[in-house]
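One structure below.
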Amino acid sequence: MIAVIIIIIMAVLLLAAAIYSVIHRDLLFAVLGTGIVSLILSLFFYLLQAPDVALTEAAIGIALTTIIFIITIRNTTRDEDEIIDKENEKL
Amino acid sequence: MNIIYIIVFSLMAIGSVLTFIRFVKGPRSADRAVALDTLSIILTSAMVLLALIFDRYIYIDVALIYAVLGFVGIIVIARFIEKAL
(Lines give C-alpha, C1' and ligand atoms only; values in the text may rest on other atoms or scores of the structure.)
Protein backbone atom coordinates (compact mmCIF):
# COMPACT_ATOMS: atom_id res chain seq x y z
CA MET A 1 0.00 0.00 0.00
CA ILE A 2 2.69 2.48 0.99
CA ALA A 3 4.71 1.46 -2.09
CA VAL A 4 1.76 2.32 -4.33
CA ILE A 5 1.41 5.74 -2.67
CA ILE A 6 5.11 6.48 -3.15
CA ILE A 7 4.97 5.44 -6.82
CA ILE A 8 1.93 7.69 -7.36
CA ILE A 9 3.79 10.61 -5.72
CA MET A 10 6.74 10.03 -8.07
CA ALA A 11 4.43 9.87 -11.10
CA VAL A 12 2.80 13.17 -10.11
CA LEU A 13 6.26 14.74 -9.72
CA LEU A 14 7.21 13.43 -13.18
CA LEU A 15 4.10 14.99 -14.74
CA ALA A 16 4.57 18.28 -12.89
CA ALA A 17 8.21 18.54 -13.96
CA ALA A 18 7.25 17.85 -17.59
CA ILE A 19 4.53 20.54 -17.54
CA TYR A 20 6.92 22.99 -15.85
CA SER A 21 9.56 22.28 -18.48
CA VAL A 22 7.10 22.91 -21.30
CA ILE A 23 5.47 26.13 -20.08
CA HIS A 24 8.45 27.98 -18.55
CA ARG A 25 9.83 30.92 -20.55
CA ASP A 26 13.42 30.74 -19.29
CA LEU A 27 15.25 28.08 -21.28
CA LEU A 28 17.80 27.23 -18.56
CA PHE A 29 15.01 26.34 -16.14
CA ALA A 30 13.32 24.29 -18.85
CA VAL A 31 16.54 22.30 -19.25
CA LEU A 32 16.68 21.72 -15.49
CA GLY A 33 13.07 20.47 -15.63
CA THR A 34 14.08 18.07 -18.38
CA GLY A 35 16.80 16.79 -16.04
CA ILE A 36 14.20 16.04 -13.36
CA VAL A 37 11.97 14.26 -15.89
CA SER A 38 14.89 12.09 -16.97
CA LEU A 39 15.81 11.36 -13.35
CA ILE A 40 12.36 10.15 -12.30
CA LEU A 41 11.88 8.26 -15.59
CA SER A 42 15.12 6.41 -14.89
CA LEU A 43 13.76 5.45 -11.46
CA PHE A 44 10.59 4.11 -13.10
CA PHE A 45 12.58 2.01 -15.59
CA TYR A 46 14.52 0.73 -12.59
CA LEU A 47 11.33 -0.21 -10.73
CA LEU A 48 10.00 -2.03 -13.82
CA GLN A 49 13.00 -4.41 -13.61
CA ALA A 50 14.86 -2.99 -16.62
CA PRO A 51 18.23 -1.86 -15.26
CA ASP A 52 19.90 -1.67 -18.69
CA VAL A 53 17.27 0.78 -19.97
CA ALA A 54 17.61 2.77 -16.75
CA LEU A 55 21.39 2.85 -17.24
CA THR A 56 21.05 4.22 -20.78
CA GLU A 57 18.41 6.74 -19.72
CA ALA A 58 20.63 7.95 -16.86
CA ALA A 59 23.70 8.32 -19.07
CA ILE A 60 21.91 10.13 -21.89
CA GLY A 61 19.38 12.09 -19.87
CA ILE A 62 21.44 13.78 -17.21
CA ALA A 63 24.78 14.10 -18.99
CA LEU A 64 24.47 14.24 -22.76
CA THR A 65 21.14 16.08 -23.16
CA THR A 66 21.86 18.61 -20.41
CA ILE A 67 25.36 19.43 -21.64
CA ILE A 68 24.33 19.81 -25.28
CA PHE A 69 21.36 22.01 -24.37
CA ILE A 70 23.50 24.18 -22.07
CA ILE A 71 26.09 24.68 -24.82
CA THR A 72 23.30 25.57 -27.24
CA ILE A 73 21.82 28.12 -24.80
CA ARG A 74 25.27 29.64 -24.31
CA ASN A 75 25.71 30.09 -28.06
CA THR A 76 22.20 31.49 -28.64
CA THR A 77 20.07 33.32 -26.08
CA ARG A 78 18.53 32.30 -22.78
CA ASP A 79 15.19 34.09 -22.68
CA GLU A 80 12.51 32.72 -24.96
CA ASP A 81 10.55 36.01 -25.10
CA GLU A 82 13.66 37.68 -26.52
CA ILE A 83 13.68 35.19 -29.40
CA ILE A 84 9.99 35.83 -30.10
CA ASP A 85 10.56 39.61 -30.07
CA LYS A 86 13.39 39.27 -32.58
CA GLU A 87 11.20 37.17 -34.86
CA ASN A 88 8.46 39.81 -34.67
CA GLU A 89 10.93 42.57 -35.51
CA LYS A 90 11.98 40.68 -38.63
CA LEU A 91 8.37 40.42 -39.73
CA MET B 1 8.15 -5.15 3.73
CA ASN B 2 10.10 -4.32 6.84
CA ILE B 3 8.97 -1.33 8.92
CA ILE B 4 12.34 0.42 8.57
CA TYR B 5 12.05 0.39 4.76
CA ILE B 6 8.59 1.94 4.97
CA ILE B 7 9.91 4.76 7.16
CA VAL B 8 12.94 5.38 4.93
CA PHE B 9 10.97 5.46 1.68
CA SER B 10 8.32 7.73 3.20
CA LEU B 11 11.03 10.18 4.25
CA MET B 12 12.53 10.02 0.76
CA ALA B 13 9.13 10.76 -0.82
CA ILE B 14 8.57 13.74 1.51
CA GLY B 15 12.06 15.02 0.74
CA SER B 16 11.44 14.68 -2.99
CA VAL B 17 8.20 16.65 -2.77
CA LEU B 18 9.78 19.43 -0.70
CA THR B 19 12.76 19.62 -3.06
CA PHE B 20 10.42 19.86 -6.03
CA ILE B 21 8.49 22.68 -4.35
CA ARG B 22 11.79 24.52 -3.95
CA PHE B 23 12.55 23.80 -7.61
CA VAL B 24 9.28 25.36 -8.74
CA LYS B 25 9.35 28.35 -6.36
CA GLY B 26 13.07 29.10 -6.30
CA PRO B 27 13.56 32.67 -7.45
CA ARG B 28 17.13 32.33 -8.72
CA SER B 29 19.04 29.91 -10.91
CA ALA B 30 21.23 28.62 -8.06
CA ASP B 31 18.18 27.49 -6.05
CA ARG B 32 16.91 25.41 -8.94
CA ALA B 33 20.32 23.90 -9.70
CA VAL B 34 20.81 22.89 -6.06
CA ALA B 35 17.27 21.47 -5.98
CA LEU B 36 18.05 19.32 -9.04
CA ASP B 37 21.26 18.09 -7.40
CA THR B 38 19.46 17.28 -4.14
CA LEU B 39 16.73 15.34 -5.95
CA SER B 40 19.42 13.45 -7.87
CA ILE B 41 21.16 12.44 -4.64
CA ILE B 42 17.90 11.38 -2.95
CA LEU B 43 16.87 9.17 -5.87
CA THR B 44 20.38 7.69 -6.20
CA SER B 45 20.27 6.59 -2.57
CA ALA B 46 16.77 5.19 -3.17
CA MET B 47 18.18 3.11 -6.05
CA VAL B 48 20.94 1.72 -3.80
CA LEU B 49 18.38 0.79 -1.15
CA LEU B 50 16.14 -0.86 -3.76
CA ALA B 51 19.11 -2.93 -4.92
CA LEU B 52 19.44 -4.14 -1.34
CA ILE B 53 15.72 -4.99 -1.20
CA PHE B 54 15.59 -6.75 -4.58
CA ASP B 55 18.84 -8.55 -3.67
CA ARG B 56 20.40 -8.02 -7.11
CA TYR B 57 23.79 -6.38 -7.06
CA ILE B 58 23.75 -5.51 -10.77
CA TYR B 59 21.25 -2.78 -9.86
CA ILE B 60 23.91 -0.83 -7.99
CA ASP B 61 25.56 -0.05 -11.36
CA VAL B 62 22.65 2.22 -12.29
CA ALA B 63 23.16 4.28 -9.13
CA LEU B 64 26.91 4.36 -9.75
CA ILE B 65 26.54 5.67 -13.32
CA TYR B 66 23.96 8.18 -12.15
CA ALA B 67 26.19 9.49 -9.37
CA VAL B 68 29.18 9.99 -11.70
CA LEU B 69 27.28 11.54 -14.63
CA GLY B 70 24.99 13.67 -12.47
CA PHE B 71 28.08 15.29 -11.04
CA VAL B 72 29.28 16.18 -14.54
CA GLY B 73 25.89 17.64 -15.49
CA ILE B 74 25.66 19.75 -12.34
CA ILE B 75 29.21 21.05 -12.89
CA VAL B 76 28.29 22.14 -16.43
CA ILE B 77 25.14 23.92 -15.16
CA ALA B 78 27.15 25.65 -12.40
CA ARG B 79 29.80 26.84 -14.85
CA PHE B 80 27.03 28.21 -17.06
CA ILE B 81 25.42 30.08 -14.15
CA GLU B 82 28.68 31.79 -13.24
CA LYS B 83 29.13 32.70 -16.95
CA ALA B 84 32.44 30.87 -17.25
CA LEU B 85 31.59 27.97 -19.58
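The values are calculated or read from the model by the stated rules, or taken from the named source; none is laboratory data. Just so it is clear, the structure is predicted and the values come from calculations on it, not from any experiment. Please note: Cβ atoms are built from the backbone with ideal geometry, for glycine as well, and neighbour counts cover all protein chains shown. Note: areas computed on protein heavy atoms with side chains; ligands, DNA, RNA excluded. Shrake-Rupley method; radii C 1.70, N 1.55, O 1.52, S 1.80 Å.
Values computed for the structure shown
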quantity: Kyte-Doolittle mean at least 1.0 and Cα axial length at least 15 Å: DSSP H helices in chain A; calculated: A:2-23, A:27-47
quantity: Cα-based radius of gyration of the range B:23-85 once divided by 2.2 N^0.38 Å, which approximates compact folds; calculated: 1.34
quantity: Accessible area of the protein assembly as shown belonging to carbon and sulfur atoms, whole % at 1.4 Å probe; calculated: 72 percent
quantity: Residue mean of other protein chain beta carbons inside 10 Å, A:38-51; calculated: 4
quantity: Rounded tilt (10° steps) of B:29-54 against the dominant C-alpha axis of chain B; calculated: 20 degrees
quantity: Most to least packed among B:53-59, A:37-43 [average Cβ atoms within 10 Å]; calculated: A:37-43, B:53-59
quantity: Between 0 and 90°, nearest 10: helix B:60-81 axis offset from chain B longest Cα axis; calculated: 10 degrees
quantity: Aspartates and glutamates with Cα under 18 Å of A:LYS86, excluding same-chain neighbours fewer than 8 positions away; calculated: A:ASP26
quantity: Amide H contacts under 5 Å for A:HIS24, placed H, 5+ residues apart; calculated: none
quantity: Mean separation of Cα contacts under 8 Å (6+ apart) over length of chain A, as relative contact order %; calculated: 27 percent
